1. Using DSSP to call loops (not H, G, I, E or B), can you name the GluC sites (Glu not before Pro) in segment 86-173 whose Cβ has at most 13 other Cβ atoms within 10 angstrom?
2. How big is D, in µm² s⁻¹, for the chain by Stokes-Einstein at 25 °C and 0.890 mPa s if Rh is the Kirkwood radius over C-alpha pairs?
3. Could you work out [θ]222 nm for the chain from helices alone, using -39500 (n - 2.57) per DSSP H run of at least four and dividing by all its residues? Round to the nearest 500 deg cm²/dmol.
4. Using the charge dipole of segment 210-340 (Lys, Arg: +1 at Cβ; Asp, Glu: -1 at Cβ; taken about the Cα centre), state which of Asn230, Ala336, Phe289 has its Cα farthest towards the positive end.
5. Please name which of Val101, Ile321, Ile126 has its Cα lying farthest along the dipole of the chain towards the positive end, using unit charges on Cβ (Lys, Arg +1; Asp, Glu -1) and the Cα centre as origin.
6. Mind listing which GluC sites (Glu not before Pro) in segment 210-286 are in a DSSP loop and have 15 or fewer other Cβ atoms within 10 Å?
7. Can you return the lysines within cross-link range of Lys151? Criterion is Cα-Cα under 21 Å, with same-chain partners fewer than 8 residues away left out.
8. Any idea what the dipole of the chain comes to, in debye rounded to 20, about its Cα centre with Lys/Arg Cβ at +1 and Asp/Glu Cβ at -1?
Amino acid sequence: MNPQRKLITLDEFTIQETRRFPQATGELSALLRDISLASKMINKQVNKAGLVDILGKHGATNVQGEEQMKLDIYANETLINVLKNSSECAGIASEENDDHVCFEDTFSFNSKYVVLFDPLDGSSNIDVNAPIGTIFAIYRRVSELGKPCTKEDFLQPGNRLMAAGYVIYGSSTMMVYATKLGVNGFTLEPSIGEFCLSHPNMKCPEVGKIYSINQGNTEKYDDGMKSFLNHCMESNKEEGRPYSHRYIGSMVADMHRTLIKGGIFMYPADKSNKNGKLRLQYECNPMAFLMEAAGGLASTGHVDILDVQPTELHQREPIFIGSKNLVTKALSYVAASETVA
Ligand code: P6P
């Protein structure tokens, strides 16, 4: 990187963004900075996970019935503590907690936003050193200011998101987030402990060649999914090998590659998971908001993910997300098989 080129930190960037809109109060920027602080604390533990007694099983299961890792618990508690002390957050909902948490100090009653998060997505990959991540979604409250937040604050559809994004703890640590103004990526510069703008104005390539799915579930998919996967594999017999298959099994990592290189990530419904596996409020909605802000598409297979009206905090939804061309093609196979059925 040209040493003369000034590094723009996340704080500087969010302040510049706020100045573009005189009516902006800077509260959302402050909340994003709080989330970045929590992610730096989590990153520190993730990076030395192999060396200290923070690896391994916590010996409990979460509301999803998933075995909790010690790092899951650490990440969850770090985000809750940082956001509880934020002046901008009235409450949180976490993939690791049964129910939402309204912060009880009267100061938080006047905070405008609530945050939903998956504190450490893909944590089953920790012991194999595969990339993992934090996913977050920020909504403006619908409940009355001056009082505790309510469940309705956490059951808003994705089309009401104010901001959403992820932190990927990989070969480098990056924070990527979207507002209605677009998507920007920041890489952690460890020597100064700051996230610095490294990927301005990110766009998902409209044409993608990578399909990302757990093909081990193929026999459980419906005919539409099977025909789309067959299309991908059959096409590779022709000249030009149009498709590659990539699957890391950590949504943040698979999504980050899809955003940068293009392609489609799918976790469809199958015979044993009629709504798929991924959680609407903590995984599907924040990723859909970000991908659509980057020019991509995100669907349940029938409707836009962002238009789903949540009824349960931990509900799951099938997801097809990524480059316009591939999502549209996959949905055409799903629709065709349903027309025939
Ligand atoms: P499977 C990780 O457990 C996760 O929630 C996502 O990060 C990932 O995309 C998915 O599950 C992987 O699920 O069934 O392919 O192992």
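Quick note: the coordinates plus some simple rules give every number you see, no bench work behind them. Computed from a prediction, not measured in an experiment: that's the story for all the values here. Every residue, glycine among them, receives a Cβ derived from its backbone with ideal geometry; neighbour counts consider all protein chains shown.
1. Working: sites: Glu88, Glu95, Glu96, Glu104, Glu144, Glu152; in loops: Glu88, Glu95, Glu96, Glu104, Glu144.
Passing sites in segment 86-173 are Glu104, Glu144.
2. Values: Rh = 20.6 Å.
This corresponds to a translational diffusion coefficient of 119 µm²/s.
3. Numbers: 8 runs with 100 residues, N = 341.
Mean residue ellipticity, 222 nm, calculated: -9000 deg cm²/dmol.
4. Asn230
5. After comparing all options, I get Ile321.
6. Details: sites: Glu219, Glu234, Glu238, Glu239, Glu283; in loops: Glu238, Glu239.
Filter output for segment 210-286: Glu238, Glu239.
7. Lys84, Lys112
8. On the way: 34 positive and 41 negative charges, 193 e Å.
I would put it at about 920 debye.
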